[in-house]
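The values are calculated or read from the model by the stated rules, or taken from the named source; none is laboratory data. On a predicted model such as this, the values are computed, not experimentally measured, just so you know. With ideal geometry, Cβ positions are generated from the backbone for all residues, glycine too; neighbour counts draw on all protein chains shown. Remember, those area values only see protein heavy atoms, side chains included, never the ligands or the DNA or RNA. Shrake-Rupley method; radii C 1.70, N 1.55, O 1.52, S 1.80 Å.
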Amino acid sequence: MTQLPAVELHLHIEGTLEPELIFELAARNGMALPYASIDELREQYEFQDLQSFLDLYYSNMAVLRTEQDFADMTRAYLARAATAGVRHVEIMMDPQAHTSRGVPLKVCLDGIASALTDSEDEFGISSGLIAAFLRDQPVADALAVLEELLAMQAPIIGIGLDSAEAGNPPGDFVALYDRARRANLKCIAHAGEEGPPEYIRQALDLLRVDRIDHGIRCLEDEELVQRLVDEQVPLTVCPLSNVRLRAVDTLAGHPLPQLLERGLNVSVHSDDPAYFGGYIDENLSQVRTTFGFTAGQMALLAANGARSAFVSDARRRELLSDIDAWLHGQSKGGPEREDAQA
Ligand code: ADE
Ligand code: ZN
């Protein structure tokens, strides 16, 4: 086994929509796109900040209209994830980004779920689905959608909080998270991507989340870092996303090595891989090369992901034992292993 078994915990399925598929779905649905070619669309993939990315991300989603569209997008992601060594994925979807365009919840859910059902047999990838709510929309909207998801017994394992972070604190969503917990759903939230360390504190104290998505700005608050270390709160870090959205200036300047060194429970993920220049394999190989991480450090990143996944104890043991086997293979490495992938 030469490829590190990966656990993908921070992935927006709508962020896997590749330009080629955007054009294909637009044609299938008889829609005109504001770009003459795939290349012209790609030229838009230059972002100043989170909001400039979100504008394009929401606008491109307009091509998703039918159950088949959602199924095709999800299946394309799973096929790509299999080549990246992904063994388990927890997929976020943004229900409100579709219902607000008149696409019924059932259409999105059935399409995504139909692709996920076959994932284990077809790709050897176990999966879970997480409904993420838009923090720049009112909490009442989120609650109404959550109630609808619960009423239709949607196959979700948890809820998340995403979209424009600055000025939209986690504390506004206490009622949503209380409801989700009563329904036995896992809770995660984006915090500390563009927003301040205070938002990470609110996500922990007010939303009582099981994981923080991003969280890199925790380093600005020493007391918070100590708490995150003590409680081993998972931080799902997305290095290439942070570079492309200018949360950091360069990959070499990314705080991942500090986060690891401090003993935080960090793992590496891809966020919106179609937009940020790489899936989880690319994120892993770029951090390995840039920071000169050892095989042991790469295995630790992967094992942190396995420790933080919402899986059964048996599945967790399988994932950890596969990561361990990879590490063992690396340490026995002779010249034939020099091309081993991160
Ligand atoms: N939605 C999709 N990607 C996101 C990100 N990186 N931050 C916040 N919301 C998002
Ligand atoms: Zn994200």
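Over the Cα atoms of region 6-341, Rg to Rh with Kirkwood Rh, two decimal places?
Rg/Rh: 0.95.
Mind checking which of Glu198, Glu43, Glu24 has the largest fluctuation in a GNM of the chain, springs on alpha carbons under 10 Å?
Glu43
Report ³J(HN,Hα) in whole Hz for each residue of region 25-36, in order, from the Karplus equation J = 6.51 cos²θ - 1.76 cosθ + 1.60 where θ = phi - 60°; Gly and Pro get x.
Running phi through 6.51 cos²θ - 1.76 cosθ + 1.60 with θ = phi - 60° gives 5, 4, 5, 4, 9, x, 10, 8, 9, x, 10, 6 Hz.
How big is the dipole moment of region 96-240 about its Cα centre under a simple scheme where the beta carbon of each Lys and Arg is +1, that of each Asp and Glu is -1, and everything else is neutral? Debye, nearest 20, please.
Roughly 440 debye, rounded to the nearest 20.
Would you rank Leu264, Leu21, Leu150 by solvent-accessible area, highest first, keeping every protein chain in place and using a 1.4 Å probe?
The ordering from most to least exposed comes out as Leu150, Leu21, Leu264.
Report the charge-dipole magnitude of the chain in Debye, nearest 20, computed about the Cα centre from +1 at each Lys and Arg Cβ and -1 at each Asp and Glu Cβ.
For the chain, the charge dipole is close to 740 debye.
With a 1.4 Å probe and every protein chain left in place, tell me how much accessible area Val174 has, in Å² to the nearest 10.
Accessible area of Val174: about 50 Å².
Between Ala164, Ala142, Ala183, find the one with the highest GNM mean-square fluctuation for the chain; connect C-alpha pairs within less than 10 Å.
Fluctuation is largest for Ala183.
From the helices alone, meaning DSSP H stretches of at least four residues, give me the mean residue ellipticity at 222 nm for the chain, per-run term -39500 (n - 2.57), in deg cm²/dmol to the nearest 500.
Value at 222 nm, helices only, nearest 500: -14500 deg cm²/dmol.
Per residue, what accessible area does the chain have, given a 1.4 Å probe and all protein chains present, in Å²?
Dividing the accessible area of the chain by its residue count gives 39 Å².
Ignoring ligands, DNA and RNA, what percent of the 1.4 Å accessible area of region 210-314 is carbon and sulfur?
Answer for region 210-314: carbon and sulfur cover 46 percent of the accessible area.
By how many nm would the segment from Arg227 to Leu56 grow when fully extended, if each residue of separation counts as 0.36 nm and the alpha-carbon distance is taken off?
57.9 nm
First compute the accessible area of region 1-129 with a 1.4 Å probe, then give the percent of it belonging to carbon and sulfur atoms.
Its accessible area is 50 percent carbon and sulfur atoms.
In what order, largest first, do Glu193, Glu148 sit by accessible area if the probe radius is 1.4 Å?
Glu148, Glu193
Go from 0 up to the bin containing the longest alpha carbon distance in region 1-157, width 10 Å each, and give me the % of pairs per bin.
10, 38, 36, 15, 1
Distances over 22 Å make up what percent of all Cα-Cα pairs in region 206-297?
Within region 206-297, distances greater than 22 Å cover 25 percent of Cα pairs.
Got a sec to turn the phi values of region 103-118 into Karplus ³J(HN,Hα) couplings, 6.51 cos²θ - 1.76 cosθ + 1.60 with θ = phi - 60°, whole Hz, x for Gly and Pro?
Working through the residues one at a time gives 8, x, 3, 4, 4, 5, 5, 5, x, 5, 4, 5, 6, 5, 4, 8 Hz.
Once you have the Cα-Cα distance between Arg307 and Ala27, take 0.36 nm times their residue separation minus that, and quote the gain in nm to one decimal.
Result for the pair: 96.6 nm of gain on full extension.
Along each of the three principal axes of the Cα atoms of region 106-156, give the extent in whole Å, ordering the values from largest to smallest.
Here the Cα extents, ordered largest to smallest, are 39, 21, 14 Å.
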